[in-house]
Amino acid sequence: MRSEREVAMQRGFEGAARLGPTLTSSSAVLSRLSRSWFVVFVTISSLLVILPWLAPVFMRLGWTDTGRAIYAAYSFVCHQLPERSFFLFGERLTYSLADIQAAWQQTTDPMVLRQFIGTSEMGYKVAWSDRMVSLYTSIPLAALIWWPLRHRLRALPLWGLGLLALPIVLDGASHMVSDLAGIEEGFRAGNAWLAALTSNALPASFYAGDAWGSFNSLARLLTGGLFGVGLVWAMLPRVQTELGSAP
């Protein structure tokens, strides 16, 4: 008769034999993913970009539970202030704080304002702000542009990423400081400093507020896009090098 040690060793060999195909299968899946990482990245990032636009679509269709679920999910990554968001299915793409207050309630509390998602007349807001739309949309778009150029375009140095991040840091920080005085009460509300620098050469609507075409709106869109492009340019070449996938 075999000893207990021999029996244990035999069972171990049998277990390893059964586990072998599973490990091989898992390795094959991981290998396949490493070769198709770019497709996975673009697919996931595109879904993250598309979902906020589906929230107002679902609200319009009457699928309010689904729409509100998207708003709730994205509320963890965005302030969702309606005066700094795009609206679909309404008269305008953006609305001023006064418009929102007239349609809903007289408040400047950001925690209350962010709860306003729209009405059937005004349309419904996209589930994240204009800056977030610009930043996250620029990521899959920049990735699609980078892919055919990947063999000729070197990775952006980290100091270069820092430079492209600087505008969004300055713009975001100035908005935060300005909002400490109250929504549309701080220096970014009227941008008198910019009007003075440009000798009021542009229409008043450019300097004041957050509507589409205003300085605040354009600054958020531009800085978000720059940072998104910088992330792709700096990170994707490094990911490609690490995974060794350069077909």
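Quick note: the coordinates plus some simple rules give every number you see, no bench work behind them. None of these values were measured; they are calculated from a predicted model. Glycine also receives a Cβ, built like all others from the backbone with ideal geometry; neighbour counts cover every protein chain displayed.
Quick notes
- The range 147-169 - residue that is in contact (Cβ under 8 Å) with a residue 40 or more places away in the chain and either under 30 Å from ILE100 (Cβ atoms) or in contact with an Asp or Glu (Cβ under 7 Å, 6 or more places away or on another chain) (or both) and, of those, surrounded by the most Cβ atoms within 10 Å (Cβ to Cβ): ILE168
- Some residue of the range 175-186 being in contact (Cβ under 8 Å) with a residue 24 or more places away in the chain, within 21 Å of MET132 (Cβ to Cβ) and surrounded by fewer than 17 Cβ atoms within 10 Å (Cβ to Cβ): no
- Residues within the range 196-208 that are surrounded by 15 or more Cβ atoms within 10 Å (Cβ to Cβ) and over 17 Å from LEU222 (Cα atoms), tallied: 1
- Breaking point among (1) surrounded by 13 or more Cβ atoms within 10 Å (Cβ to Cβ); (2) assigned to a helix (DSSP H, G or I); (3) of a type outside the set (Ser, Thr, Tyr), for TRP193: (1)
- Checking each residue in the range 121-146 for being of a type in the set (Asp, Glu) and either part of a helix (DSSP H, G or I) or free of Cβ contacts under 8 Å to residues at least 24 places away in the same chain (or both) picks out only ASP130.
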